[in-house]
Amino acid sequence: MIWFLIFMAICMLCVVSGVKNGIEKSSEALMPALFIMMVGLIVYELATVNGIMDGISYYLSPDISKISTDTFMGAASQVFFSLSIAMGVLITYGSYTRKDIDLEKSAGNVCLVDSSAALLSGLMIVPVAFVFGFPDSSGMGLMFVALPQMFAMMPGGEILAPIFYLLVAFAAVTSAISMAEVGVSVLYDKAKMDRKKSVAVLTVIVLIVGTVCTLGFNGGPLGFDNAVSSGMGWVGFLDNLVNCFIVPIAAMLMCLFFGYVIKTSYLEEEIELSSQFRSKRIFRAMIMYIAPVLLGIILISGLIGLFA
């Protein structure tokens with residue numbers, strides 16, 4: 001509870017400071033720090049861990065035969081979360097964007113930086129996990145079970161472990177700030193509250209839900225365990241609820257809304273205010289046909305996997 005309250009306080013202080021003085025300044029400091037830490041850890045691993053090249057070969061040589069529905073579900077969930085798709089974050093930040101910004105180029109840069117961070121993260125974690133015998137660990141198990149054991153076996157691990165988990169905390173803070181800003185923006189625009197009142201209301205909501213989640217792990221005072229929670233209590237339940245239901249449905253409704261209700265021409269005209277829209281045809285096909293079908297498949301697969 002103490003760490004949850006500290007984390008919440010840091011996020012809300014950044015949000016209450018506003019977009020430019022809080023969110024923008026914190027991101028300008030934290031995001032470069034993330035990349036510097038990742039690159040530094042990768043270089044250290046290459047220089048000190050015996051057999052690391054075998055781990056890199058394992059990371060860069062996937063076993064195609066093991067690809068399954070769960071693989072695509074996991075990838076889809078990661079993409080939705082990592083790019084903040086269908087969560088209101090892109091819409092909120094987009095509303096703050098100047099009219100002279102090249103939106104198509106910005107979207108491409110976001111995808112490039114996000115993919116680079118994902119590749120570096122994998123290069124930092126997976127090869128070392130392979131070398132120390134944890135190739136099948138994933139998610140929470142890799143982060144909080146396998147990795148601490150690896151750091152204990154690595155030379156200088158007692159120094160690297162705090163650096164790595166500080167990196168993880170930085171990444172979590174930037175993501176949490178983005179999602180908190182969505183709630184503040186809604187209260188600011190729709191309820192006509194000022195930023196401080198909006199943050200205060202959101203803080204109360206986060207405090208209630210966060211307390212339930214913090215005390216709601218399996219074995220905790222509010223904990224429970226069923227197929228949907230995946231053994232992680234309220235955190236697992238809400239995570240699966242969002243990934244398997246809410247986000248795919250929200251994304252599908254957005255595609256149908258922009259594709260068939262207000263039409264894609266509305267978005268295309270907005271993009272062309274600042275630059276030429278070179279991917280217009282691809283964008284139109286994705287919004288109207290390809291994305292809704294794929295999202296439907298993801299939703300059905302998620303439901304089957306959840307209740308099978």
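The set of residues from the range 92-115 being over 15 Å from LEU273 (Cα atoms), touching a residue at least 60 places away in the same chain (Cβ under 8 Å) and surrounded by fewer than 15 Cβ atoms within 10 Å (Cβ to Cβ) comprises just one member, TYR96. Residues that are crowded, with 17+ Cβ neighbours inside 10 Å and modelled with pLDDT under 90 number at least 2 in the following helices (runs of 4 or more DSSP H) confined to the range 239-294: 247-256, 264-271. Within this structure, TYR44 passes the test of being aromatic (Phe, Trp, Tyr) and either surrounded by fewer than 13 Cβ atoms within 10 Å (Cβ to Cβ) or farther than 30 Å from CYS244 by Cα (or both). Any residue at all in the range 221-232 that's assigned to a loop (DSSP other than H, G, I, E, B), touching a Phe, Trp or Tyr at 6+ places or on another chain (Cβ under 9 Å) and among the acidic types (Asp, Glu)? No. The residues of the range 21-47 that are over 22 Å from the mean Cα position of the chain (by Cα) and over 17 Å from PRO162 (Cβ atoms), listed by number, are ASN21, VAL43, LEU46, ALA47. Of all the criteria given as (1) aliphatic (A, V, I, L, M); (2) surrounded by 12 or more Cβ atoms within 10 Å (Cβ to Cβ); (3) touching a residue at least 12 places away in the same chain (Cβ under 8 Å); (4) in the same structural domain as VAL209 (by TED's automatic domain parsing), the one not satisfied by MET1 is (2).
So if I check each of VAL204, VAL182, which one is within 20 Å of MET12 (Cβ to Cβ), out of contact with any strand residue (DSSP E or B) (no Cβ under 9 Å at 6 or more places or on another chain) and exposed (fewer than 14 other Cβ atoms within 10 Å of the Cβ)? Break it down stepwise before answering.
Working: VAL182 fails: exposed (fewer than 14 other Cβ atoms within 10 Å of the Cβ).
One residue alone meets the criteria, VAL204.
Only one entry in PHE134, PHE164, PHE170, PHE151 is more than 24 Å from LEU241 (Cβ to Cβ), at pLDDT below 85 and part of a loop (DSSP other than H, G, I, E, B), namely PHE134. Would you mind stating whether LYS105 is in a helix (DSSP H, G or I), among the basic types (Lys, Arg), more than 30 Å from LEU295 (Cβ to Cβ) and out of contact with any helix residue (DSSP H, G or I) (no Cβ under 7 Å at 6 or more places or on another chain)? It is false that LYS105 is in a helix (DSSP H, G or I), among the basic types (Lys, Arg), more than 30 Å from LEU295 (Cβ to Cβ) and out of contact with any helix residue (DSSP H, G or I) (no Cβ under 7 Å at 6 or more places or on another chain).
Answer yes or no: is there a residue in the range 237-249 that is outside the structural domain of ILE2 (by TED's automatic domain parsing), more than 30 Å from THR97 (Cα to Cα) and touching a Leu at 6+ places or on another chain (Cβ under 9 Å). Yes, because at least one residue in the range 237-249 is outside the structural domain of ILE2 (by TED's automatic domain parsing), more than 30 Å from THR97 (Cα to Cα) and touching a Leu at 6+ places or on another chain (Cβ under 9 Å).
The values are calculated or read from the model by the stated rules, or taken from the named source; none is laboratory data. Everything numeric in this text was worked out from a predicted model, so none of it was measured. Cβ: placed from backbone, ideal geometry, glycine included. Neighbour counts: every protein chain shown.
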